[in-house]
Amino acid sequence: MERAEGIRNFVDGAFVEPTGGQYLDNIEPATGKPYSEVPDSDGRDVELAVTAAEKAFPEWSRTPAADRSRILLRIADLIERDLEKLARAESIDTGKPLSLARNLDIPRAASNFRFFATAILHTENEAHVTEGVAFNYTLRQPRGLVGLISPWNLPLYLLSWKIAPAIACGNTAIAKPSELTPMTAYLLCAISREAGLPDGVLNIVHGTGPKVGQPITAHLKVNTISFTGGTVTGKKVAETCAPMFKKVSLELGGKNPNIVFADADLDAAITGSVRSSFANQGQVCLCGSRVFVERSAYESFVDRFLEKTSQLKVGDPLEATTDQGAIVSKTQLEKVKFYVGLAQQEGGKIALGGSVPPAPNERCKEGYFFPPTVIKDLPVSCRVNREEIFGPVVSITPFDSEEEVIGYANDCDYGLASSVWTQNLNRAHRVAEQIHTGTVWVNCWLVRDLRVPFGGMKQSGVGREGGNEALHFFTEPKNICIAK
Ligand code: NAD
């Protein structure tokens, strides 16, 4: 078959073959067929990237913030110029609907660059006066070489959420996108070169976790690691980094509760819940996969939720009418099927979906499709209600009191995000305060102000991204104390 543009590593401002000359197939999830190749790089390629990043660091770290800002703003402009090309690439690579890539992923990548390009122009230095004795002021300096590792679900969106603050602060970066979805990271390299980013400031090494991710996290010269991915991988990253005292940010999995009280605006709650359940085929770490509904509203909510969900069209991601595209990989599809089977063994009843649908068209006949699936009557603390599925599968459970549902929400190893639907303001504050998640949305979902702290508690991670949190993460505070 005809193959798309071959992906190469980006090191020291140049596109290069992997040292070992090996490539992996890059599969299009909607067709189940390889459509390009991705370098199967290894530690030698990481070494080249580290050398380039090390060489670029002194000058880039001394480049005035205003100049760094101008380059990042140009990157944002060029992402917007290439919106259609990038959105199409993202859709083909991930299986997500083209409309979603066009309206969410790519615009957000541009916003990430623009946000941090301007944020570095508005920072303040802290000063502390030790009365009669000394003045202290705090310098925040770039940390040096940073490693940035990202997952497949929102490829350019999440990688740029790391690259932008890292290089805006004056660091140089070695980035690794997921081997399943490398295309937009590759396209970003040409954009960053066109924008005038100096060679070696951003290096992208493609390949698998063990062969590329691990050498990045283990490299002595890379002192900062920002990782987004699964909890099991996050543990490995933490184990590697801890003995070297690296600064580490881990954004990991979730099993997010979505709580609907009977006093909610049910129209808004249903629309919001369908979106939070199935956006990007349920493959957003923030999706609300455990829906809890107050008993007096339960029957009516479920009927209307099922009706609205059944209107979602599973289809070819490139078609304009598609709401639900393909699952990212065969492995992920098998995982989703496994959990749907397990749900039935655990006593759940499938109220909607639950089995592989007919192929949407001839082109997609071997694609990885699964319909939005709703499971009722599961015990609250069963495996399906505790483990991350990361697919278009939600459970719905009734509850009787505020106290009970807070217990349900918190009875989980994860603590990334939650949604609460109620028109009672006091209840909204009361419940939000008691839920153990890094973000609580009230009467909304996925409203993302880039200034707010973003991240999870418990097994959902360590550290926060966004706004000042990211600027602080990618800099080293140094106190200068001057005697009076
Ligand atoms: P993953 O953990 O399998 O992979 C993530 C990245 O880590 C990939 O680039 C992978 O190649 C790399 N990797 C794998 N092994 C490694 C190792 N030993 N050392 C270093 N890097 C390694 O995750 P995934 O399947 O790509 O993504 C899905 C997961 O990501 C889900 O659990 C989801 O909840 C999570 N996620 C979290 C957030 C968040 O902000 N908290 C956002 C998106 C996705």
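Key figures
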quantity: Separation between Cα centres of segment 241-285 and segment 436-470, rounded to whole Å; calculated: 10
quantity: Fully extended contour minus Cα-Cα distance, from Val356 to Val452, at 0.36 nm per residue; calculated: 30.7 nm
quantity: Most to least packed among 245-257, 18-30 [average Cβ atoms within 10 Å]; calculated: 245-257, 18-30
quantity: Within segment 287-328: backbone nitrogen closer than 16 Å to the Asp263 label point (7 Å, Cα to C-beta); calculated: 294-297
quantity: Note, ³J(HN,Hα) from phi for segment 383-399, Karplus 6.51, -1.76, 1.60, rounded to Hz, x at Gly and Pro; calculated: 4, 4, 8, 10, 9, 6, 9, 6, x, x, 9, 10, 10, 10, 9, x, 9
quantity: Relative contact order computed over the chain (Cα-Cα under 8 Å; 6+ residues apart), in percent; calculated: 19
quantity: Centroid-to-centroid separation of segment 298-338 and segment 34-59 [C-alpha atoms, Å]; calculated: 37
quantity: Accessible heavy-atom area order of Arg464, Arg62, highest first, probe of 1.4 Å; calculated: Arg62, Arg464
quantity: Simple spin-label estimate for Asn136 and Gln423 in nanometres, 7 Å along Cα-Cβ; calculated: 5.1
quantity: Coil-residue GluC sites (Glu not before Pro) of segment 1-84, DSSP, other Cβ within 10 Å capped at 13; calculated: Glu2, Glu5
quantity: Relative packing of peptides 167-173, 469-475 - highest average C-beta neighbours within 10 Å first; calculated: 167-173, 469-475
quantity: Amide H contacts of Gly20 (H built 1.01 Å from N, under 5 Å, at least 5 apart or other chain); calculated: Asp42
quantity: Estimated inter-spin distance, Lys235 and Asn468, nm [label 7 Å along Cα→Cβ]; calculated: 3.5
quantity: Lys/Arg +1, Asp/Glu -1 at C-beta; the chain dipole; positive extreme among Thr373, Phe399, Leu220; calculated: Leu220
quantity: The chain, helix-only ellipticity at 222 nm - DSSP H runs n ≥ 4, -39,500 (n - 2.57), divided by all residues, nearest 500; calculated: -11500 deg cm²/dmol
quantity: Amide H partners (placed H, <5 Å) of Val248, local residues excluded; calculated: Ile225
quantity: Cut-off under 5 Å, modelled amide H: who pairs with Phe399 long-range; calculated: Val293, Glu294, Arg295
quantity: Per residue, in Å², the accessible surface of segment 274-402 once ligands and nucleic acids are set aside, probe 1.4 Å; calculated: 40
quantity: Semi-axis lengths (Å, descending) of the ellipsoid that matches the C-alpha gyration tensor of the chain; calculated: 38, 29, 19
quantity: Segment 257-450, accessible surface, carbon-and-sulfur percent (1.4 angstrom probe); calculated: 49
quantity: Percent RCO, i.e. relative contact order, over segment 224-312, from Cα pairs under 8 Å lying at least 6 residues apart; calculated: 28
quantity: Mean separation of Cα contacts under 8 Å, 6 or more apart, over the residue count of segment 257-450: relative contact order %; calculated: 28
quantity: 19 Å cut-off, amide nitrogen to a point 7 angstrom out along Leu220 Cα→Cβ, residues in segment 134-176; calculated: 144-147
quantity: Separation in nanometres of the label points that stand 7 Å from Cα toward Cβ, at Ala432 and Asn410; calculated: 1.8
quantity: Per residue, in Å², the accessible surface of segment 1-141 once ligands and nucleic acids are set aside, probe 1.4 Å; calculated: 48
quantity: Protection proxy ranking of 400-412, 108-120 - average other beta-carbon atoms within 10 Å, highest first; calculated: 108-120, 400-412
quantity: Karplus-derived 3J(HN,Hα), 6.51/-1.76/1.60, for each residue of segment 166-182, Hz, glycine and proline x; calculated: 4, 7, 4, 7, x, 7, 10, 10, 10, 10, 9, x, 5, 5, 7, 9, x
quantity: Segment 101-119 residues near the modelled Cys444 label - backbone nitrogen below 15 Å, point 7 Å along Cα→Cβ; calculated: none
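The values are calculated or read from the model by the stated rules, or taken from the named source; none is laboratory data. A quick note: this is a predicted structure, and the numbers were derived from the prediction, not measured. Cβ sites come from the backbone with ideal geometry, for glycine too, and all protein chains shown count toward neighbours. Note: areas computed on protein heavy atoms with side chains; ligands, DNA, RNA excluded. Shrake-Rupley method; radii C 1.70, N 1.55, O 1.52, S 1.80 Å.
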